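**Student:** After the structure tokens below, expect a handful of questions from me.
The values are calculated or read from the model by the stated rules, or taken from the named source; none is laboratory data. This is a predicted model, so every value here is computed, not measured. For neighbour counting, all protein chains shown are included, and Cβ atoms are generated from backbone atoms with ideal geometry for every residue, glycine included.
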Amino acid sequence: MEQPQNPEPNKSADPLPSSVLAYLDPHYWDDRFSAEEHYEWFKDYSHFRHLIQAHVSPNSTVLELGCGNSQLSDELYKDGVRDITCIDLSKVAVERTQKRLLSKGYKEIKVLEADMLDLPFDDERFDVVIEKGTMDVLFVDSGDPWKPNPATVEKVMATLHGVHRVLKPDGVFISISFGQPHFRCPLFDAPQFSWSAEYSTFGDGFHYFFYILKKGKRPSSDGKASGDANKVPCISLYHEELETEDFLFRTNIDEMGT
Ligand SMILES: C[S@@+](CC[C@H](N)C(=O)[O-])C[C@H]1O[C@@H](n2cnc3c(N)ncnc32)[C@H](O)[C@@H]1O
């Protein structure tokens with residue numbers, strides 16, 4: 001049975017918002033991170049390390065979008081990656097992440113307060129950009145997932161444009177998400193992007209999606225991504241999963257309006 005990925009929770013904090021719309025509010029995240037030490041959205045690194053390792057090496061320059069209080073960067077560091085930049089919109093997340101990483105001696109990791117919709121980096125700076133659950137936040141008010149609101153699409157496309165811009169010509173964007181391929185691939189496959197789009201899944205019972213977008217590798221014949229629709233998993237949820245915050249998040253992102 002799956003358990004929430006919250007190994008060191010602050011027991012006095014109740015981080016669940018009254019509405020998922022709170023996930024769009026930077027104040028929500030500041031308040032939450034003031035009280036909560038560590039929470040891994042979806043799953044921790046051990047569950048998808050094998051998938052990441054195919055794309056990240058110790059020499060990679062890595063950008064993580066929306067680090068929150070996840071320890072993904074710590075785990076990458078332990079695997080030998082040194083040029084890591086984490087960003088988050090939440091000042092509290094940035095301050096606390098900086099403090100945690102310095103206390104561990106991981107001083108090469110940079111942590112910046114920045115908006116993923118307007119990335120403050122030069123073109124072609126990174127080998128790999130990673131996000132886990134951060135772009136999913138943009139979908140909480142998307143309405144019908146088959147036809148998301150134009151405002152949602154605009155924010156997602158601003159993020160994707162920025163990611164595509166800061167990736168090196170052969171760079172890779174890794175997006176770890178609840179969002180199912182039939183909702184995410186039409187956005188990843190927009191014609192202005194030169195990347196190919198594939199995905200794998202991980203997790204027991206409920207599957208999470210691990211999207212891999214390889215810049216400069218888009219198939220030229222028909223412009224379609226190389227993801228295989230037959231890989232869409234048959235989702236089977238255990239009762240315990242229905243009670244986790246992850247499920248609340250997913251319900252409102254992908255099933256709202258269906
Ligand atoms: C669902 S949490 C995921 C946190 C972390 N990636 C993890 O796996 O546990 C979303 C995070 O994205 C941050 N965030 C939301 N909107 C953002 C934006 N526009 N730019 C940067 N960070 C953002 C929030 O502050 C929060 O830390």
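**Student:** Considering only residues that are over 17 Å from Val129 (Cβ atoms) and of a type in the set (Ser, Thr, Tyr), which ones fall in the stretch 37-53?
**Tutor:** Within the stretch 37-53, Tyr39, Ser46 meet the criteria.
**Student:** Among what's in the stretch 138-154 and is within 12 Å of the ligand (Cβ to nearest atom) and either modelled with pLDDT under 95 or more than 15 Å from the chain's Cα centre (by Cα) (or both), pick the residue that is nearest to Arg184 (Cα to Cα).
**Tutor:** Phe139
**Student:** Does at least one position in the stretch 155-167 carry a residue that is away from the ligand (no atom under 13 Å from the Cβ) and touching a residue at least 60 places away in the same chain (Cβ under 8 Å)?
**Tutor:** Checked against the condition, which is being away from the ligand (no atom under 13 Å from the Cβ) and touching a residue at least 60 places away in the same chain (Cβ under 8 Å), the stretch 155-167 yields at least one hit.
**Student:** Take the residues in the stretch 59-90 that are closer than 16 Å to Phe173 by Cα and among the hydroxyl-bearing types (Ser, Thr, Tyr), then tell me which one is nearest to the chain's Cα centre (by Cα).
**Tutor:** By that ranking, first place goes to Ser73.
**Student:** When the stretch 91-126 is examined, which residues are found to be assigned to a loop (DSSP other than H, G, I, E, B) and more than 25 Å from Val172 (Cα to Cα)?
**Tutor:** Across the stretch 91-126, the qualifying residues are Lys104, Gly105.
**Student:** Continuing with the same structure: Residues of the stretch 205-231 being under 19 Å from the mean Cα position of the chain (by Cα) and either modelled with pLDDT under 85 or not in a loop (DSSP other than H, G, I, E, B) (or both), which ones?
**Tutor:** Phe206, His207, Tyr208, Phe209, Phe210, Tyr211, Ile212, Leu213, Lys214, Gly227 - these are the residues of the stretch 205-231 that are under 19 Å from the mean Cα position of the chain (by Cα) and either modelled with pLDDT under 85 or not in a loop (DSSP other than H, G, I, E, B) (or both).
**Student:** Here's another thing I want to ask about it. Within the stretch 30-50, can one find any residue that is out of contact with any helix residue (DSSP H, G or I) (no Cβ under 9 Å at 6 or more places or on another chain), closer than 27 Å to His164 by Cα and surrounded by fewer than 16 Cβ atoms within 10 Å (Cβ to Cβ)?
**Tutor:** Within the stretch 30-50, one or more residues are out of contact with any helix residue (DSSP H, G or I) (no Cβ under 9 Å at 6 or more places or on another chain), closer than 27 Å to His164 by Cα and surrounded by fewer than 16 Cβ atoms within 10 Å (Cβ to Cβ).
**Student:** Considering the stretch 164-184 alone, what residues qualify as being in contact with a Lys or Arg (Cβ under 9 Å, 6 or more places away or on another chain) and among the hydrophobic types (A, V, I, L, M, F, W, C)?
**Tutor:** Matches in the stretch 164-184: Val166, Leu167, Val172, Phe173, Ile174, Ile176, Phe178.
**Student:** Separate question: Can you confirm whether the stretch 139-148 contains a residue that is out of contact with any helix residue (DSSP H, G or I) (no Cβ under 6 Å at 6 or more places or on another chain), free of Cβ contacts under 8 Å to residues at least 60 places away in the same chain and assigned to a loop (DSSP other than H, G, I, E, B)?
**Tutor:** Within the stretch 139-148 (the criterion being out of contact with any helix residue (DSSP H, G or I) (no Cβ under 6 Å at 6 or more places or on another chain), free of Cβ contacts under 8 Å to residues at least 60 places away in the same chain and assigned to a loop (DSSP other than H, G, I, E, B)), the answer is yes, since at least one residue qualifies.
**Student:** Can you name every one of the helices (runs of 4 or more DSSP H) wholly within the stretch 14-90 that holds 2 or more residues which are more than 13 Å from the ligand (Cβ to nearest atom) and on the phi < 0 side of the Ramachandran plot?
**Tutor:** 49-52, 72-78
**Student:** Oh, and also: State yes or no: is Val129 aliphatic (A, V, I, L, M), in a strand (DSSP E or B) and touching a residue at least 60 places away in the same chain (Cβ under 8 Å)?
**Tutor:** Considered against the rule, which asks whether it is aliphatic (A, V, I, L, M), in a strand (DSSP E or B) and touching a residue at least 60 places away in the same chain (Cβ under 8 Å), Val129 comes out as yes.
**Student:** Among Val62, Val56, Val20, which is the only one that is surrounded by 14 or more Cβ atoms within 10 Å (Cβ to Cβ), among the β-branched types (Val, Ile, Thr) and at pLDDT below 90?
**Tutor:** The conditions single out Val20.
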